[in-house]
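Just so you know, all these numbers are worked out from the coordinates, no wet-lab data involved. Given the structure is predicted, the values throughout are model-derived calculations rather than measurements. A quick note on method: Cβ atoms are made from the backbone with ideal geometry, for glycine too, and the neighbour counts reach across all protein chains shown.
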Amino acid sequence: MLKHKGTLPITTNRLILRRFTMDDCREAYEKWTSSYDSRFWQPPHKSIGETRRMISEYVANYSKPDWYMWAVVFDNELVGLVCGNEINEDIKSICIGYCLSRSFWNRGIATEACAALIRYFFDIGFNRVFSYHNPLNPASGRVMQKCGMTYEGRIRGGSMFAGEICDCLQYSILRSDLL
Ligand SMILES: CC(C)(COP(=O)(O)OP(=O)(O)OC[C@H]1O[C@@H](n2cnc3c(N)ncnc32)[C@H](O)[C@@H]1OP(=O)(O)O)[C@@H](O)C(=O)NCCC(=O)NCCS
């Protein structure tokens, strides 16, 4: 039985992972939601209204015990998000996702946040943490590798990019991999 905790604050060496608030909308829009660089995460927002709607949904969902969505704060600055979704209660599995502002790429931030989430989810009782990425987005796969996840294969037609069904490359880590 999973003992869901929802989105509680997490602190790592360099990061604070916390809940989003509506005060984050402008910064999120300027830093990543409107950016073409975030296209492998979501279609870029054309107006701040789209970001407001997205974050208000995040905020409303914090009342659910199985809603896992964190704002990533680095050096007192909001730099992106990490999350867990696609939960399967029967096999105790969860998928991790992440998106950061371009100016903060390649500093190990996604890896540090993702590693913390893996620990958080195993503490809750998950047995399997997985993630997948578009083959055209190898940096995302590198994050999965650096977090100790194992490559499982190419899932044909397993994802969606720019409105088209596409293949994705999938990784996972099991609780037993840490023993
Ligand atoms: C994917 C993403 C979260 C990575 O964040 P990050 O904080 O830069 O990640 P890290 O710094 O922890 O690690 C990135 C790794 O990818 C590598 N990398 C960067 N660009 C790469 C490329 N084009 N090809 C291969 N590896 C690449 C980096 O060198 C680094 O590996 P290293 O430490 O071995 O050198 C960030 O690029 C992002 O937000 N992209 C847009 C949203 C997105 O794609 N989300 C994932 C959807 S599946």
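Observations on the structure shown:
- Local electrostatic count, L78, Cβ distance below 11 Å [Lys/Arg +1, Asp/Glu -1]: -3
- Förster radius 30 Å - calculated FRET efficiency between R39 and K3 (Cβ-Cβ, nearest 0.05): 0.25
- Around K31: net Lys/Arg minus Asp/Glu count, Cβ-Cβ under 11 Å: -3
- Net charge of neighbours whose Cβ lies under 10 Å from the Cβ of T12, counting Lys and Arg as +1 and Asp and Glu as -1: +1
- Ascending count of other beta-carbon atoms within 10 Å, so fewest first, for L179, L17, L136: L179, L136, L17
- Cα→Cβ-extended label distance, 7 Å offset, between N88 and S176, nm: 1.6
- For the chain, the Kirkwood radius over C-alpha pairs fed into Stokes-Einstein at 10 °C and 1.306 mPa s yields D = 96 µm² per second.
- Between M54, I155, F74, the Cα set farthest toward the positive side of the dipole of the chain (charges on each charged residue's Cβ, about the Cα centre) is that of F74.
- Segment 81-179, relative contact order [Cα under 8 Å, separation at least 6], %: 24
- For the chain, the Cβ-based charge dipole about the Cα centre amounts to some 180 debye (Lys, Arg positive; Asp, Glu negative; other atoms uncharged).
- For segment 1-99, the square roots a ≥ b ≥ c of the C-alpha gyration tensor eigenvalues yield an a/c of 1.5 or more together with a/b exceeding b/c, which makes the shape prolate.
- Remark: spin-label model distance R26-N13 equals 3.4 nm, labels positioned 7 Å along the Cα→Cβ axis.
- Of the DSSP H helices in the chain, those whose Cα atoms cover at least 18 Å axially and whose Kyte score averages 0.0 or more: 109-124
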